[in-house]
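Enquirer: This is the structure I have questions about; it appears just below.
Coordinate-derived values only; no laboratory data. Small disclaimer: the values here were computed from a predicted structure and weren't measured. Positions of Cβ are backbone-derived with ideal geometry, glycine not excepted, and every protein chain shown enters the neighbour counts.
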Amino acid sequence: MYDFESLVNEVLRNKPELNRESLMKKIEQKKNSVGAGYLTDQGALFLIAGELGVKLQRAPQTETTLKDLQVGANDITVVARILSIYPISTYRKKEGGEGRYRRLVLFDGERTVRFMLWEERVSDVERLELGPGSAVRIVGGYVKQGLDGRPELGLGRRGSVEAVVEASIESRLPTLESTAKKIVELEEGRQYVALDCVVSSQPRKTDFYRSDGSPGTLVQFKIRGDGQKSEYRVVIWNAPSVPPVSPGQRVILTNLKSKRSSGGEIELHGDAGSAVVVLREKGTTDLRVVAVLNEKQQVLAVNADKKVEALKMGPDQALPNVGDPIRILSKDPSGSRIRVLRDGEASPPDLQGLITKINDLKEEGGPIVLDVIVLSHGSLLDVPLKDGTVVKKGEILVGDDTGEIKAVAWRDLSSKVLGYEPGERIRIVGALPRLSRMGVWTLLLSEETIIEKLRSV
């Protein structure tokens, strides 16, 4: 980690013609020129320091659960999963013009809390490619009392929404599947966070117009419990989209309320925040393709634990594209078999949700993927070993919107860090997180590591 204030003071000491206000303005300009959400203040400062010829030195430097949220809390960090995502809505501002807001519902297995996004932050959902079941971290949040009297989570001016990608944290959060109730006997008037069931009829969508002339939609189908015969009707009003499902598929339905129909039968009703999540078949593995090596007939893909797997394809196996969701049907040294998943099938999060953030490095493990910005030129050092030999060590400083870290390559691999300019965006596939004896995290580049230049934003 870096102590930001110490780094700022170091730049100001070396460049007395600058003052703090002008330096902070340069930091904001650098972040804007690179692209929002790609750099921390520290990362921008490293780039600026490099342009000014100032070499910055490394300096040493609780998350709240939903049930602990108290009205009036400020500047808190919350980790939870998404239960519901509502469409973007608009409102008339007091000073004139139109504003935008979006409602999400978070859950942690014990409690659900409404989370509001306003104005330009409503697009964070698409930017981070979030969906029902996604693990998120709310940084710089505040809690106020909602119209229903319950705590409501908001985002401060300097707050942020992040996708949780580290397995050590995500594994502690209950999943939709573990939270979902089974259909045994539905009770009238009950709210269901998540329901595990089997689709028993083909979904049917109907368009209609309300009394005020505004359009609406409803999707209806029947469900049953696994191994049961009794069926229940599901009606989802104004759902933005429902994945294609067929009778016999096991799904999880979220954000439903049971009520009695005019015919006296209990049925389930959802709204624009309800979701239909298709569950994966047992015995299969889903991954997201992150690199394709045509000359080796090899695919590098990220699994549910955010670790990179190398898959050797058989000679008759067509190679997928980067970003494709794939399902491993069989693994074999002579050639694995995969299938590219169709829209609506269960699949891993989109690629951006499987990228590891620097600040999330908490344990050593297998190879990971990072999207970072180059903060320094790569350098080669001669390192003497205990046996008297000298080996090459390559180093390059990189950063993302959560922190900065050195990528290191040894011996014949040391040149991997060369050829990149400060400010360039790169994707590092297959880096190994390692903790030094001094307690500093680094990225070890191996023979299998691939570094790709990304397009500027």
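Enquirer: What 222 nm value per residue comes from the helices of the chain, counting each DSSP H run with n ≥ 4 as -39,500 (n - 2.57) and dividing by all residues, nearest 500 deg cm²/dmol?
Expert: The helix-only estimate for the chain comes to -3000 deg cm²/dmol at 222 nm.
Enquirer: Total Lys pairs in the range 159-303 closer than 17 Å by alpha-carbon, pairs eight or more apart in sequence or interchain only?
Expert: Value for the range 159-303: 9.
Enquirer: Output the pairs from Lys406/Lys453; Lys26/Lys406; Lys357/Lys393; Lys357/Lys406 with a Cα-Cα distance over 19 Å in this structure; if there are none, say none. Walk me through the numbers before you get to the answer.
Expert: On the way: Lys406/Lys453 17 Å; Lys26/Lys406 24 Å; Lys357/Lys393 24 Å; Lys357/Lys406 14 Å.
Violating the 19 Å limit, Cα to Cα: Lys26/Lys406; Lys357/Lys393.
Enquirer: Also, I was wondering about something else. How big is the equivalent ellipsoid of the range 373-456 along its three axes, where each semi-axis is √(5λ) from the Cα gyration tensor, reported in whole Å from largest to smallest? Intermediate values should be presented prior to the final figure.
Expert: Values: eigenvalues 100, 41, 27 Å².
Three semi-axes, in Å: 22, 14, 12.
Enquirer: Determine ³J(HN,Hα), in whole Hz, for all residues of the range 194-205 in sequence, where each value follows from phi through the Karplus function 6.51 cos²θ - 1.76 cosθ + 1.60 and θ = phi - 60°; x replaces Gly and Pro.
Expert: Per residue, the Karplus-derived 3J(HN,Hα) values read 8, 10, 8, 7, 10, 5, 10, 8, 5, x, 10, 9 Hz.
Enquirer: Let me ask something else. Over all directions, average the projected area of the Cα convex hull of the range 316-416 and note it in nm².
Expert: On the way: hull surface 41.6 nm².
Seen from a random direction, the Cα hull of the range 316-416 projects 10.4 nm² on average.
Enquirer: Taking Rh as the Kirkwood radius, which is the inverse of the mean 1/r over Cα pairs, what is the Rg/Rh value for the range 285-348? Walk me through the intermediate numbers first.
Expert: Numbers: Rg = 10.7 Å, Rh = 11.5 Å.
Result for the range 285-348 is an Rg/Rh of 0.92.
Enquirer: I would also like to ask the following. Any idea how far apart Leu52 and Arg204 come out in nm if each label point goes 7 Å out from Cα toward Cβ?
Expert: 6.9
Enquirer: Right, another one. Leaving out same-chain residues fewer than 8 places away, which aspartates and glutamates sit with a Cα under 18 Å from that of Lys392?
Expert: Asp382, Asp412, Glu447
Enquirer: Evaluate the distance, in nm, between pseudo-label points positioned 7 Å from the Cα of Phe4 and of Leu444 along their respective Cα→Cβ axes.
Expert: Simple spin-label model gives 3.2 nm for this pair.
Enquirer: Can you give me the distance in nm between label points at Glu126 and Val340, each placed 7 Å from the Cα along the Cα-to-Cβ direction?
Expert: That separation, rounded to one decimal, is 2.4 nm.
Enquirer: Output the peptides 306-315, 199-208, 249-258 sorted from most to least packed, where packing is the average of other Cβ atoms within 10 Å over each peptide's residues.
Expert: Numbers: 306-315: 17.4, 199-208: 13.1, 249-258: 20.8.
Averaged packing, sorted descending, gives the order 249-258, 306-315, 199-208.
Enquirer: Say the cut-off is 20 Å between C-alpha atoms; which of Lys307/Lys362; Lys25/Lys93; Lys386/Lys416 go over it? If you can, show how the numbers build up before the last one.
Expert: Numbers: Lys307/Lys362 14 Å; Lys25/Lys93 30 Å; Lys386/Lys416 25 Å.
Checking Cα-Cα distances, Lys25/Lys93; Lys386/Lys416 exceed 20 Å.
Enquirer: If you don't mind, another one. Under a straight-distance cross-link criterion of Cα-Cα below 14 Å, which aspartates and glutamates are reachable from Lys30, leaving out those fewer than 8 residues away in the same chain?
Expert: Reachable aspartates and glutamates: Asp41, Glu51, Asp400, Asp401, Glu424.
Enquirer: For the range 297-309, take each phi angle, set θ = phi - 60°, evaluate the Karplus expression 6.51 cos²θ - 1.76 cosθ + 1.60, and give the result in whole Hz per residue in order, putting x for glycine and proline.
Expert: 6, 10, 10, 9, 9, 9, 8, 5, 8, 6, 10, 7, 10
Enquirer: Okay, next question. Using a Debye calculation, one point per C-alpha and no hydration shell, please list log10 I(q)/I(0) for the range 179-278 at q = 0.10, 0.14, 0.17, 0.20 Å⁻¹ in order.
Expert: The Cα Debye sum returns log10 ratios of -0.25, -0.49, -0.72, -1.00.
Enquirer: What's the extension gain from Glu119 to Gln220 if we count 0.36 nm per residue and subtract their Cα-Cα distance?
Expert: The span from Glu119 to Gln220 would gain 33.1 nm if fully extended.
Enquirer: Between Gly146 and residues 5 or more places away or on another chain, which pairs have amide H atoms under 5 Å apart, with H built 1.01 Å from N, and which residues are they?
Expert: For Gly146, the qualifying residues are Glu152.
Enquirer: A follow-up question, please. Read through the labelled values (1) 48; (2) 32; (3) 16 and report the label of the one computed as percent of Cα pairs over 39 Å apart from the structure.
Expert: Derived directly from the coordinates: (2).
Enquirer: Further question: Would you mind listing how long the range 110-194 runs along its three principal axes, going by Cα atoms, in whole Å with the largest first?
Expert: The Cα atoms of the range 110-194 stretch 46, 35, 21 Å along the principal axes, largest first.
Enquirer: Quick one: net charge around Ser84, please, counting Lys, Arg +1 and Asp, Glu -1 for every other residue with C-beta under 12 Å from its C-beta. Show your work: numbers first, answer last.
Expert: Numbers: positive: Arg81, Arg102, Arg103, Arg114; negative: Asp271.
Around Ser84, the surrounding residues sum to +3.
Enquirer: So, one more: Starting with the highest mean, order 441-453, 220-232 by the number of other Cβ atoms within 10 Å, averaged over the residues of each peptide.
Expert: Numbers: 441-453: 16.7, 220-232: 15.2.
Packing proxy ranking, top to bottom: 441-453, 220-232.
Enquirer: In addition: Assuming a viscosity of 1.567 mPa s and a temperature of 4 °C, what translational diffusion coefficient in µm² per second does Stokes-Einstein assign to the range 4-52, Rh being the Kirkwood radius over Cα pairs? Intermediate values should be presented prior to the final figure.
Expert: Numbers: Rh = 10.7 Å.
Answer from the Stokes-Einstein relation: 121 µm²/s.
Enquirer: Turning to a different aspect of this structure: Hey, can you grab everything whose amide H is under 5 Å from the amide H of Ile183? Only 5+ residues off in sequence or another chain; H modelled, so Pro and N-termini drop out.
Expert: Asp196, Asp226
Enquirer: Let me ask something else. Residues with amide H under 5 Å of Asn255's amide H, sequence separation 5 or more or different chain, H placed in the peptide plane at 1.01 Å from N; which?
Expert: Those qualifying (amide H under 5 Å, at least 5 residues apart or on another chain) are Ala194.
Enquirer: Continuing with this model, one more query. Using only C-alpha positions, report the orientation-averaged shadow area of the convex hull of the range 40-158, nm², one decimal.
Expert: Numbers: hull surface 43.2 nm².
Value for the range 40-158: 10.8 nm².
Enquirer: Another question about this same structure. At R0 = 30 Å, how high is the FRET efficiency between Ser262 and Arg150 if r is their beta carbon distance? Nearest 0.05 is fine.
Expert: On the way: r = 31 Å, r/R0 = 1.05.
Taking R0 as 30 Å, the efficiency between Ser262 and Arg150 is 0.45.
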